[in-house]
Each structure stands twice: as structure tokens, then as C-alpha cells.
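The values are calculated or read from the model by the stated rules, or taken from the named source; none is laboratory data. Because the structure is a prediction, the values reported are computed rather than measured. Cβ placement follows ideal geometry from the backbone for every residue including glycine, while neighbour counts extend to all protein chains displayed. Accessible surface is based on the protein model in full, side chains and every heavy atom, while ligands, DNA and RNA are left aside. Shrake-Rupley method; radii C 1.70, N 1.55, O 1.52, S 1.80 Å.
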Amino acid sequence: MPLAPNVCYPLPLGSIRPSGWLLGQLRVQANGLSGHLDEIWADVGPDSGWLGGKGEAWERGPYFLDGLIPLAYLLDDARLKAKAQRFVDWTLAHQSASGMIGPPTNDDWWPRIVMLKALTQYYELTGDGRVMPVMDKYLRHQLQELPGRPLRDWSKFRWQDELLSVVWLYNRTGSGYLLELADLLHKQGYDWMAQYDHFQYSQRITAEYIKLEKGEGLKDLALATHGVNNGQAIKTGPVWSQISKSETDRLAVLKMISELNRYHGMPNGMFSCDEHLAGLDPSQGSELCTVVEYMFSLEQSLAIVGDPSLGDRLEQLAFNALPGTFTDDMWAHQYNQEPNQVECSLHRKPWTTDGPESNLYGLEPNFGCCTANFHQGWPKFANSLFMLSGAHDNDAEDGLVAAVYAPCEVNTKVRGVPVRVVEETDYPFRGSIQISIYPASPVSFPLHLRIPEWAKDATIHVNGQACPAPAPSSFAQISRTWKAGDRVEVNFPLKPRTSNWFNNSIAIERGPLVFSYNVGESWVKLRDRGMTADWQVFPTTAWNYALAIDTDTAASSISVKETEVKEGIFTSHNTPVQLEVRARKLNDWRAEDGVANPVPKSPVVSNETEETIKLIPYAAAKLRITAFPQCKA
Ligand SMILES: [Zn+2]
């Protein structure tokens, strides 16, 4: 039985190679914690249960592998491949006679859901003949076991991530039992679509609300309002729609995102979750696990649904929230990041349920899940830059989709012809993108270019000839017979604009980047952590500014300064773009216990002298104000 067709399909892993700044960023990641974590952190070290040791035997090994595998192969890095291979080899070689995989010290379905995601990637990259038989035997075993030992806790709320691997195997083997298993996962799994049909969690969730002190942290109410669970759940409708063939299921992703944005939306593209849904105040935080899981959900959903808004949000997360929560060298990260983050220090406020280390930059602030899980963020983004359109059977729809933009090279086949694509760009810091196409022989196919919702007056030229003006929030289609060296030039005018947030506050955006006032930073080491350290960051300057701008004329009243694009584009010292904007201090707006009080309701009145302040990209400002009050005109 064929599954419902997608709008786009991910390219087989290995087809996309990062270049330019994206390659630089992946190298930073590999030279930082990702490339060394097993050397300094016992939970994924030689004693890991996923290597046959007596150490951590739950989610941390598979989490690490889920990002390490694509990172190692994108960089073609033998050292990293060897690190990943040890976990893969142990897992494939130690399947029990029953079919169970993983450390025998626990039988939780959840960590195995993550391991399946890692194995499917490893198979696409290597073709290792051991993978599919092990997966097949394990999934048959699970189908037998689930009626007596059903999904519970994390696996009940994250079943849709297993469905990805079930669909992946079904598309390669066609074995009918996999559809039975899909049905059973759907029946036993939490009904996320119902939750968002009638969304009830519109308020900041407190520990009292979920009865945390009564030990109910794993009850449905706690798990249904848990940030990471919701980030993973965003893909549920699209992934399940492949089986159910329901258009309502497929489009459920758009409703989920709009509800999260309405009640918990943050100007960095995230919803608040520290670690339960936390409302609209930009002093609330978002957990790093949720950032990378939300990105992965968007990548999967974008392929299945083909809605350009999913690509817009994916870029927002990748270019703001993801790099903003790491140190420049990616040796330290936060558990929670805040859009209005004026101090990173030991404090209990303002988190719904997290502990006092949550916004420190360190090895494992608050809890080590993010330490194990963050590795997938950049590599899976790189693997989602281009996708395929059409049904793979040489029909007229078969073509290429530029889904999100960053410098890369693609080697694939379209309608049976090998095609190389070279994308050169400094996007998102510049608006111009060059895509050169080199088919082995002339071949006609459509090239679909995502036009973001903010991209008014975008232009497309092919070999210097203007194409019809593309509409924002669409996929522009260029159908022609492509010849080697054909050159597509896309230009997105990057005009500053404003967006509206909590208490009528405003944020300044330009393209997919959001801009922040960079509060002066004093980095104070809390403790050494082997090759890395835990850091507190204290403010050295005032930060309580209200913007003195007219939102209607923001584009002309905010000045833009572009400087040379160098290594470290997400760092404050090498940022390739700065904005200047008029502002006044607002003396009543203060911090308590290291946290900016809720942004005062706009419009505000300030009698302080008007001054010009500099804004830099969100990710470069580790102490920052992003949602500003607006001065009364
Ligand atoms: Zn986490």
C-alpha cells in the first residue's frame, strides 16, 4: 500500500556538502564540545551503556550519536566517524535473540526511538548491510511486545519520532507489519492533534499547576506541557498524515505553531519553555533541546507539507536561537536562553520548573540532556537546504527545491541525470544568493525557490534575464532545460522592519535575523570542567532602553552598516552587520534577581536624552535586549 505522497523529499544524506560560513560553523562545532564530548563527559564516554559499559544507559548515547553521525560525514572527518562507529557497531552487534536492542539494564522504548533515528542516517551514509535487518527484527519484536508493555512516559509523548523510522523502513521494505506497528504507536501515543484542536495551555505553567512537588512530573499534564515534548510534537500531524492520508492531519502543524506563537511566542522564533510552557514575557527562557527538536520537526514537516512558512521559522531558529545559546567556540551552552537576557548567573527566577544554573554557559548547566542532544542542530539543518520535488519516477514534477538558504554544494540526480548545484551566499547577512547548475547533460526540471514571507520586492534572474516578480511566502518555480553553468541569482532586499511582542514591545528584524542591544558582558568563570568551563555573565552597562522610532518608517529610520564577512559570523567581534537606532533610557525598568522585569507596556514615556544605540544579530549578543518598549511619539 503506497503512503500519501509528500510535497518534497529530503535528499539522500551525503548529497549536500556545506561550504562558506556554514562549513566554518560545522568546523567550530567539531572543534568544540561535539568533537570531544566523549573525552570529558562520562555519560557518552567509554563506560556508556551503549558501548557495553556500566555507565549511562538511557538517552544520552543515542542523542550524541544522532548529531555526531551527520556532523562526521558532512565534514568527512575520519576521527569523528570512528567515534560514531563504536556506538553503531556495539548496537548492531548486541541485538538480543528476542530482537531487543540497546543496553539490557533498561527496556524503555524512548532511548531506542532516538537510536533508530541515528541508525537510519548511518545507513543512508554508509549502506551498511547490517542496519535494516537489525531494525526489522527490533520493530517486529516491538509490535509483539507493545500490547503487553505499552508506550509510557517519554515514549508515549514522543511516538511520532519513532514513526519517522517506521515509515523510513516501510519505504525500503514494504513489509505490511510496519503499518500495523504505525497504527499501534498512534493508538498508544499521546493525541497531540487533539491537544492543539482545543489548546488549553495558554498560561505560564507553574510547578504547582503540574503538581511537581507531589511527584507528578511524569503525569500526562506535566508531559503535555513540557517544552521538548511540544517541540518534538510539532511534526506529529504531517508524519502521521503519511499513514492516515488526512489533509487535516497534514495541516495540523500550522495550527500547532500558531497556537504556540500566540500564547508562548518569543522574538527569536521559539516558544518559551523553561522547561514547561512559560508564556509571552521575553524574560522567560527556551531550552536548547527544544530548539534543536523544533528545528528537526520543521525540517520533517517542511518536506511533507511544503509550506514556505515552515522554512521561514526554521531559518529563524537556525540563525538566531541556535547560535545564540552557545559560546562563540561551541565549548559551552545554556540550558535556557532568554530574548531579554540581562544576566546569566545562579538564580531561581524566572523559570517555571528549572534550576538555578539554567542560563549559565557551561558543560551541563541544569541537566545534561542538552549536552547530549544539541549536536543534531547544525548538521540536520545543512542536510535540509535542498530537497527533491515530485514522485521520483521521472514525471514532470521531479525537480529541486531550495528549501532554506546557506552556502553549499549539492550532488544528486534529477530525472536520471547527475546534477551538481553550487549555492554561493553570505545569507542571512546579505540578501543575494547565486545558484549555479551543472547537469551532466541538458535536462529539464523545475527549480523551486522558497520566497520568505518578509521578502517583499525579491527578484530572480536566470543568466541575467529577469524572471517574473516572485510573491512573498511562496515557492517561485523556474522550469527550463538546464545546461551546465546556468546561473540563478536571487535577491532579497533586506530592509529593517519591526515585529510586535509582549506588552506591545517591538523587536527589530532584517531578513531572517532578529537584532538585539548587546549589554556589556563580564564573563566570570564559576568552575573548570576539564577541557571546558562553566561561566556566569554579568552586565557592565545599562540595558533599559526604549526605542524612539516610528514603526511605519522603521526601514528608513534605522541605519544599516555592513562590514566585511569574516570567520565567526555569529560572534560580536566579527558580525557582518550592525544597525543603529534612536532610543531613550527608561529608568523604571530594572532587573530583580538577575532577571529583567517584564518589559513595560508600550507606548512608554521617557524624559531621558535621546541617543543612538547599536544593535547586532541576536546570536552575537550573549547579554541582550531583543523586545523593547516603544517611546510614545
Ligand atoms: Zn535539554
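For the stretch 467-587, what does the relative contact order come out to in percent, with C-alpha contacts under 8 Å and a separation of six or more?
The normalised contact order for the stretch 467-587 reaches 17 percent.
What are the ³J(HN,Hα) values, in whole Hz, obtained from phi via the Karplus relation 6.51 cos²θ - 1.76 cosθ + 1.60 with θ = phi - 60°, for each residue of the stretch 620-633 in sequence order, with x given for Gly and Pro?
Values per residue, Gly and Pro as x: 7, 9, 7, 10, 7, 10, 10, 9, 9, x, 10, 5, 4, 5 Hz.
Within 10 Å, count the other beta carbons around each residue, average over each peptide in 28-38, 375-385, 428-438, and list them highest first.
375-385, 28-38, 428-438
Taking 8 Å as the Cα distance limit and 6 or more residues as the minimum spacing, I'd like the relative contact order of the chain as a percentage.
About 14 percent, as a whole number.
What distance in nm lies between label points placed 7 Å from Cα along the C-beta direction at ALA78 and ALA555?
Rounded to a tenth, the inter-label distance reads 5.4 nm.
Just report the Cα centroid separation between the stretch 175-231 and the stretch 47-104, whole Å.
28
Give, as ranges by residue number, the residues of the stretch 132-151 whose backbone N falls under 19 Å from the point 7 Å along Cα→Cβ of SER175.
Residues 132-148 qualify, since their backbone N sits under 19 Å from the label point.
Which distance in nm do the two modelled labels at ASN574 and ASN261 give, with both placed 7 Å along the Cα-to-Cβ direction?
Distance between the two pseudo-spin positions: 3.2 nm.
Which of the lysines could a cross-linker bridge to LYS525, judged by Cα under 22 Å and excluding same-chain residues fewer than eight apart?
Excluding near neighbours in sequence, the set is LYS349, LYS622.
Semi-axes of the equivalent ellipsoid for the chain, please: Cα gyration tensor eigenvalues, times 5, square-rooted, ordered largest first, whole Å.
37, 31, 23
Distance from the Cα centre of the stretch 234-303 to that of the stretch 547-624, in angstrom?
Comparing the Cα centres of the stretch 234-303 and the stretch 547-624, I get a distance of 27 Å.
Check cross-link reach from LYS54 to the aspartates and glutamates: straight Cα distance under 19 Å, and skip same-chain residues fewer than eight apart.
Candidates past the 8-residue exclusion: ASP38, GLU39, ASP43, ASP89, ASP107, ASP108.
Rounded to the nearest 5, what % of DSSP beta bridges with both residues in the chain are antiparallel?
The answer is about 95 percent antiparallel.
If I stretch the segment between ARG480 and THR612 completely, what's the gain in nm (0.36 nm per residue apart, minus their alpha carbon distance), one decimal?
So the chain would gain 42.6 nm between ARG480 and THR612.
Is there a pair in LYS380/LYS483; LYS81/LYS380; LYS561/LYS614; LYS380/LYS456 whose C-alpha atoms are over 19 Å apart, and which pairs would that be?
Beyond 19 Å: LYS380/LYS483; LYS380/LYS456.
Report the relative contact order of the stretch 592-633, percent, no decimals, based on alpha-carbon pairs under 8 angstrom and at least 6 residues apart.
Taking the mean separation of contacting Cα pairs over the length of the stretch 592-633, I get 61 percent.
Using 25 Å as the Cα-Cα cut-off, could you pick out the over-long pairs in LYS156/LYS245; LYS156/LYS255; LYS137/LYS413?
Violating the 25 Å Cα-Cα cut-off are LYS137/LYS413.
Express the carbon and sulfur contribution to the solvent-accessible surface of the chain as a percent, rounded to the nearest whole number, probe 1.4 angstrom.
49
Using 0.36 nm per residue of separation minus the Cα-Cα distance, give me the extension gain between ASN587 and VAL417 in nm, one decimal.
Taking ASN587 through VAL417 to full extension adds about 54.7 nm, to one decimal.
How much of the DSSP bridge set in the stretch 394-527 is antiparallel, in percent, rounded to the nearest 5?
Rounded to the nearest five, the antiparallel share is 95 percent.
Please compute the per residue accessible area over the chain with all protein chains in place, 1.4 Å probe, rounded to a whole number of Å².
That works out to 35 Å² for each residue.
Full extension from GLU564 to SER96: what is 0.36 nm times the residue separation minus their Cα-Cα distance, to one decimal in nm?
Result for the pair: 162.8 nm of gain on full extension.
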